Amino acid sequence: AVLLCAFGTFIVDFTFLQKTLSESFLNTLSVLLISCPCAIGIAAPLAESMQMHRLAKEGILVRNRKALPFLSQVDVLCFDKTGTLTKGIFKVIKGLKDLDKEDLSLLKGICNFSIHPIAKAIDKEISLEKTKPDSIQEVSGRGMLARFGETTYHLGSKIWLKQEGIAFDERDFQTHGVTTVGLAKDGDLLTVISLGDELREDV
């Protein structure tokens, strides 16, 4: 069918439209190349390969290449932000300035016990010498309970602090885009520490 269309184009151009041989041949060749499925067969995989290469350079892995043609229809993108859009390193934004040196030293002693990213970030931020607690307990996914003599400290999430019977204003924990942990001393909330993650420069 493509060959017949191309041949027909040559006959019409050369015979009826009185075009030159070179013009007729050029039009015939254009019809042949554009109409031939081979052009699509070569161009589509090449375009896909270029897409895959460019995405890989940006650190994006494509699990199913059949999804590529549908990218133009995407209106929602979901990311696991930690380590993808961000550096994956917690950094204290605010909350430590509300504490005196004694509490800061005790807090460093609590955080130094844990390998949790939040605890490590707080530990790194405090430049004072740590005070080791007499006893310490880490509650997985919730927080840490430490005792210094007769004094009890809680460091953890809002939900856990509430479960432990510590009273606080809900508004203290209402922050957008950051992680918050509360530090309480003998049942009284001392401060709410806000931690954030930095966006990667190339994101």
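Each of L71, G149, V203 was scored by the projection of its Cα onto the charge dipole of the chain, and the greatest displacement toward the positive side belongs to L71; charges sit on the C-beta of Lys, Arg, Asp and Glu.
Each part reduced to its alpha carbon centroid, the range 110-155 and the range 29-69 end up 55 Å apart.
When the solvent-accessible area of the range 38-170 is split by element, carbon and sulfur atoms take up 56 percent of it, the probe being 1.4 Å. Considering only beta bridges that DSSP places wholly inside the chain, some 95 percent are antiparallel.
Between I11 and L46, take the C-beta separation as r, use R0 = 25 Å, and let me know the FRET efficiency to the nearest 0.05. It would help to have the intermediate numbers written out before the result.
Details: r = 33 Å, r/R0 = 1.34.
It comes out at approximately 0.15.
Where in the range 134-155 is the amide nitrogen less than 12 Å from a point lying 7 Å along the Cα-to-Cβ axis of K120? So the set is empty, nothing qualifies.
Just so you know, the Cα atoms of the chain work out to an Rg and Dmax of 33.1, 108 Å. For the chain, the longest principal axis of the alpha carbon atoms and the long axis of helix 21-35 meet at an angle near 40°. Dipole of the chain computed with +1 at Lys/Arg Cβ and -1 at Asp/Glu Cβ about the Cα centre; of L17, G109, V139, farthest Cα towards the positive end is L17.
Using 0.36 nm per residue, how much length does the chain from L71 to K101 gain when fully extended, once their Cα-Cα distance is taken away? Provide the component values of the computation, followed by the final result.
Working: separation 30, 0.36 × 30 = 10.80 nm, distance 5.43 nm.
Gain on extension, L71 to K101, equals 5.4 nm.
Rolling a 1.4 Å probe across the protein heavy atoms gives the range 85-203 an accessible surface of 60 Å² per residue. Can you tell me the orientation of helix 101-111 relative to the chain, as the angle in degrees between its alpha-carbon axis and the longest Cα principal axis, to the nearest 10? Relative to the chain, helix 101-111 is tipped by roughly 60 degrees.
Just to confirm the filter: which chymotrypsin sites (Phe, Trp or Tyr not before Pro) across the range 60-141 are DSSP coil and have at most 15 other Cβ within 10 angstrom of their Cβ? Mind showing how you got there, number by number?
Numbers: sites: F70, F79, F90, F113; in loops: F79, F113.
Filter output for the range 60-141: F79.
When the chain is treated as a GNM with alpha-carbon contacts under 10 Å, the residue of S114, S24, S49 showing the greatest mean-square fluctuation is S24.
Over the chain, calculate the relative contact order: mean separation of alpha carbon pairs under 8 Å at least 6 apart, over the residue count, as a percent. It rounds to 17 percent for the chain.
Taking Cα centre as origin and charging only the Cβ of basic (Lys, Arg, +1) and acidic (Asp, Glu, -1) residues, the dipole magnitude of the chain rounds to 560 debye.
The values are calculated or read from the model by the stated rules, or taken from the named source; none is laboratory data. Quantities reported herein were computed from a predicted structural model and do not represent experimental measurements. Glycine gets a Cβ as well: all are built from the backbone with ideal geometry, and neighbour counts include every protein chain shown. With ligands, DNA and RNA removed, areas are computed over all heavy atoms of the protein, side chains included. Shrake-Rupley method; radii C 1.70, N 1.55, O 1.52, S 1.80 Å.
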